[in-house]
Amino acid sequence: MERVSTVAISGVEEQLMVVLGQMKASKVLVPVLDISMAICLIMSVMLFVERVYMAVVISIVKISGRKPDTRYKWEPFPEDLEQGNLAYPMVLVQIPMFNEREVYQLSIGAACCLSWPSDRLIVQVLDDSTDPAIKTMVQTECQRWASKGVNIKYEIRDNRNGYKAGALKEGLKRSYVKECDHVAIFDADFQPEPDFLHRTIPFLVHNPQIGLVQARWKFVNANECLMTRIQEMSLNYHFTVEQEVGSSTYAFFGFNGTAGVWRMAAIEEAGGWKDRTTVEDMDLAIRASLKGWKFVYVGTLQVKNELPSTFKAYRYQQHRWSCGPANLFRKMLLEVMRNERVTLWTKVHVIYSFFLVRKIIAHIVTFVFYCVVLPAAVLVPDYHIPKWGAVYIPTVITVLNAISTPRSIHLVVFWIVFENVMALHRTKGTFIGLLEIGRVNEWIVTEKLGDALKIKSVDGAGKVKPAATNQQRRFKFIDRLNLLELGFGCYLLFCGCYDLIYGKYHFFIYLLLQAIAFFVMGFGYVGTFVPSSSN
């Protein structure tokens, strides 16, 4: 029996070598691999240059102390006995929400506690909820704050046209909004500190060219699981480097859709909110910048919010964040090129750096090169894989990203393999946006858990739960399966095993780790698992 098994294994090995030999001799596969490798290396160099450039700029900014209040005039509002509260501009606070059962009280409460004269502040809750019970709870919460003297408005629509952009646009049509000079926007899970307006509005009051003041996000659940820690690493780079560089050099960066204050005049001149893509915030920011408005990023001002902690919610979010920018790039490329109000340097920054490199190439090269082309290359005997492109460049990029979150540097290997898996969905979303097909305008609100998980764990303490049936277990397991990830996991596992046996570059170390990451996420064992109430 043992001899038969040995012969069978030997036969499979011989067949495999024959197939791989044919692959090498193929007049189609190798040239395709050569072209793909060349394109990926070019994109890697473009991304590398962009990251090094931003590292240099941010270093100069930090060393020179170029803070927002040194580049623009900023003064606190003085006590004016004659004018009283009239010295303060009228501010509207918009809170768009959709079935936000777990977090609506946090955002409404934080907005109502902003330290601003009550007669100069309007809190507008834009509730698109479809669950009648949630709508009642949100309305009751608004009434509770209104009874305390807060000028809060509860607004609903009879449809969800335009999703968030439609809600914000509809909210600005209300008659009482006409007296407002500025509008602050907070998503349903954002909790600004009481002094938020005192630290942002002065930029707008004293600098008429500024149209937007953006604050940084602070993640309240970053320590919830490994997935949230990894998200924190990626987003910290965005806020500490990309946003700072854009604000310091070009006075342009993409609005994050929340935790920012707009000048009403800037929104109006830019054409208002549009729902043509799923990144209405970025759309408005680019149109406003093309009208000559400047943006300011205040990195020291942080607003608490929640990271998606379930894998399903994170996948939906990343699809929207990758598909939307690519689709917007398709729609606005010619508009940016033809604009005559901004400098050529700003156009190059927006088209090349902001869109092409960061929103398109960064996603595509991460997945195509490291999860498709590189694994395929190890299957072709004696194929030359440049170490500078496969090892040195990604190492530098990884280090530049990791230093933005010093406390998580020890998790950098997990960050690499996790981001490569997510690059699969980002690449798919990018092509959907560029080609404007399929789920291009799909909008699924990112699920927020708030304190729901803590409450469930407390309520379930000491209680014996009925055992789940075999059918329930089977459905749960099927729901957690992600076939796309499992498919690529099998592909990488095969390539890794082949490189381990026959390869000479030792890429199997990376390939096997990456395969494990695909399998872990393919089987749904990542992020927070929220048990259903029926269990």
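The values are calculated or read from the model by the stated rules, or taken from the named source; none is laboratory data. Note that the structure is predicted; figures quoted are calculated from it, not measured. Note: ideal-geometry Cβ built from the backbone for every residue, glycine included; neighbour counts use all protein chains shown. The accessibility values were calculated without ligands, DNA or RNA, using every heavy atom of the protein model including side chains. Shrake-Rupley method; radii C 1.70, N 1.55, O 1.52, S 1.80 Å.
Can you compute the helix-only [θ] at 222 nm over the chain? Use -39500 (n - 2.57) per DSSP H run of at least 4 residues, normalise by all residues, nearest 500 deg cm²/dmol.
Taken over the chain, the calculation gives -16000 deg cm²/dmol.
Mind checking the alpha-carbon convex hull of the stretch 304-368 and giving the volume per residue in Å³?
122
Could you give the length gained by full extension between TRP388 and VAL56, i.e. 0.36 nm per residue of separation minus their alpha carbon distance, to one decimal place?
Numbers: separation 332, 0.36 × 332 = 119.52 nm, distance 2.09 nm.
Result: 117.4 nm gained on full extension.
Once you put a point 7 Å from the Cα of GLU179 and another 7 Å from the Cα of GLU340, both along the Cβ direction, what distance in nm separates them?
4.1
In the stretch 187-236, with Lys and Arg counted as +1 and Asp and Glu as -1 at Cβ, which of these residues, ILE210, ASN223, THR200, has the Cα nearest the positive end of the dipole, that is, farthest along it?
The one lying farthest along the dipole's positive direction is ILE210.
What does the convex hull of the alpha-carbon atoms of the stretch 290-407 project to on average, in nm²?
Taking a quarter of the hull surface, the average projection is 11.4 nm².
Cα-Cα over 18 Å: which of LYS274/LYS304; LYS67/LYS359; LYS73/LYS294? Please report the intermediate quantities before stating the final value.
Values: LYS274/LYS304 27 Å; LYS67/LYS359 27 Å; LYS73/LYS294 13 Å.
Table pairs above 18 Å Cα-Cα are LYS274/LYS304; LYS67/LYS359.
I'd like the distance between the alpha-carbon centres of the stretch 236-315 and the stretch 133-162, rounded to an integer number of Å.
26
Just to be sure I understand the model, the point goes 7 Å from the Cα along the line to the Cβ. What's the resulting HIS506 to PHE523 distance in nm?
2.9
Ignoring everything but the protein chains, give the 1.4 Å probe accessible area of SER115 in square angstrom, nearest 10.
SER115 has an accessible surface of roughly 50 Å² with all protein chains in place.
Per-residue counts of other Cβ atoms within 10 Å, averaged by peptide: what ranking do you get for 506-513, 255-262, 405-412, highest first?
Ranking, from highest mean packing down: 255-262, 506-513, 405-412.
How far, in degrees from 0 to 90, does helix 508-522 lean away from the longest principal axis of the Cα atoms of the chain, to the nearest 10?
Helix 508-522 and the main axis of the chain meet at about 60 degrees.
For a protection proxy built on the mean count of beta-carbon atoms within 10 angstrom, sort 420-431, 277-288, 382-393 highest first, please.
In decreasing order of mean packing, 420-431, 277-288, 382-393 become 277-288, 420-431, 382-393.
Would you compute the Debye intensity of the chain from its alpha-carbon atoms alone, equal scatterers and no solvent, and pass along log10 I(q)/I(0) at q = 0.10 Å⁻¹ to two decimals?
Each listed q maps to, in turn, -0.89.
List the aspartates and glutamates whose Cα sits under 12 Å from the Cα of LYS62, skipping any in the same chain fewer than 8 residues away.
Reachable aspartates and glutamates: GLU244.
With the crude spin-label approximation of a point 7 Å out along Cα→Cβ, what separation in nm comes out for VAL32 versus THR70?
5.5
Please list, in chain and number order, the residues 5+ apart from GLN94 or on another chain whose amide H is under 5 Å from its amide H, with Hs placed from the backbone.
For GLN94, the qualifying residues are GLN124, ALA184, ILE185, PHE186.
For the chain, with all protein chains present and a 1.4 Å probe, just round the carbon and sulfur fraction of the accessible area to a whole percent.
Accessible surface attributable to carbon and sulfur in the chain totals 61 percent.
Hey, for a label at ALA87 modelled as a point 7 Å past Cα toward Cβ, could you say which residues of the stretch 187-205 have their backbone N under 20 Å away?
Residues passing the 20 Å test: 195-205.
In the chain, if the dipole is taken from +1 on Lys/Arg beta carbons and -1 on Asp/Glu beta carbons about the Cα centre, which of TYR316, LEU435, ASN256 is farthest to the positive end?
Farthest along the dipole direction, towards plus: LEU435.
On a 0 to 90° scale, report how tilted helix 226-237 is relative to the longest principal axis of the chain, with both axes built from alpha carbons and the result rounded to the nearest 10.
Helix 226-237 and the main axis of the chain meet at about 70 degrees.
In debye, nearest 20: dipole of the chain around its Cα centre with unit charges on the Cβ of K, R (+) and D, E (-)?
On the way: 58 positive and 49 negative charges, 102 e Å.
Value, rounded to 20: 480 debye.
Over the stretch 320-451, calculate the relative contact order: mean separation of alpha carbon pairs under 8 Å at least 6 apart, over the residue count, as a percent.
Details: 85 pairs, mean separation 67.4, N = 132.
Answer for the stretch 320-451 is 51 percent.
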